[in-house]
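Report on the structure given below.
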Amino acid sequence: MKIDYLTNHPEKIKDVSRMIFHAFVLESGSEKTFDEVVEYFSYTKQRKLPITLVALENGDCVGTVSLFEHDLEGRENYTPWLASLYTPPEHRGRGIGQELVGKTVKVCSDLGFDSVFLRTEDASEYYKRRGWTFVETVSDKRNDRIDVFKIRCNKQDAL
């Protein structure tokens, strides 16, 4: 398996967009269209946010993660955010997500960030066990409970 920038694999933009659209956009009730998601991922970068990474195996995209400037309304002082971490069900349990997170933390370090944040509604214990520091719990527009975590970017064992 290889983890690389999505910008180096433009043929995977629709694969990533499909994953994110079904896993996050539809789930959230957002009005974004699939075409808008494709357009967004068409403009991710390597040295400037937003950044998207892909996990590739035998030519297939087996996971993705992004770095966004902001990922939680009202918390614009926290930046950057690890977001849209996704591994298709048939590829889970193999450490792909852990490798994507580790690479993302390294990218943050390379870009000069001290910390990276993430939000989760249902995986707080997972991140606590892997050294992420709890920051706060907030509610979103749907009154869902969201836990915010951060980790130092120079920490080698992010997951």
All conditions in (1) under 20 Å from His91 (Cβ atoms); (2) at pLDDT 95 or above are true of Pro10 except (1)
Given the conditions (1) β-branched (Val, Ile, Thr); (2) assigned to a helix (DSSP H, G or I); (3) exposed (fewer than 13 other Cβ atoms within 10 Å of the Cβ), every one holds for Thr137 apart from (2)
* Asked: Does Tyr78 satisfy the criteria of being of a type in the set (Phe, Trp, Tyr) and farther than 19 Å from Phe21 by Cβ?
  -> yes
Of (1) closer than 16 Å to Asp4 by Cβ; (2) surrounded by fewer than 16 Cβ atoms within 10 Å (Cβ to Cβ); (3) at pLDDT 95 or above, Gln46 satisfies every one except (3)
With respect to Arg94, determine if the residue is part of a loop (DSSP other than H, G, I, E, B) and within 16 Å of Lys2 (Cα to Cα). yes
Among residues of the range 70-87 being in contact with a helix residue (DSSP H, G or I) (Cβ under 6 Å, 6 or more places away or on another chain) and touching a residue at least 40 places away in the same chain (Cβ under 8 Å), the residue nearest to Thr120 (Cα to Cα) is Ser84
Determine whether Arg92 is exposed (fewer than 14 other Cβ atoms within 10 Å of the Cβ), modelled with pLDDT under 95, basic (Lys, Arg) and out of contact with any Pro (no Cβ under 9 Å at 6 or more places or on another chain).
yes
Restricting the range 45-81 to residues that are part of a loop (DSSP other than H, G, I, E, B) and among the charged types (D, E, K, R), the one farthest from Asp147 (Cα to Cα) turns out to be Arg47
Among (1) in a strand (DSSP E or B); (2) crowded, with 21+ Cβ neighbours inside 10 Å, Val107 falls short only on (1)
- Can Asp35 be described as without any contact (Cβ under 8 Å) to a residue 12 or more places away in the chain and either outside any loop (DSSP other than H, G, I, E, B) or under 16 Å from the mean Cα position of the chain (by Cα) (or both)? yes
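The values are calculated or read from the model by the stated rules, or taken from the named source; none is laboratory data. Here the structure is a predicted model, which means the values were calculated and not measured. In this analysis, Cβ positions are derived from the backbone assuming ideal geometry, glycine residues included, and neighbour counts consider all displayed protein chains.
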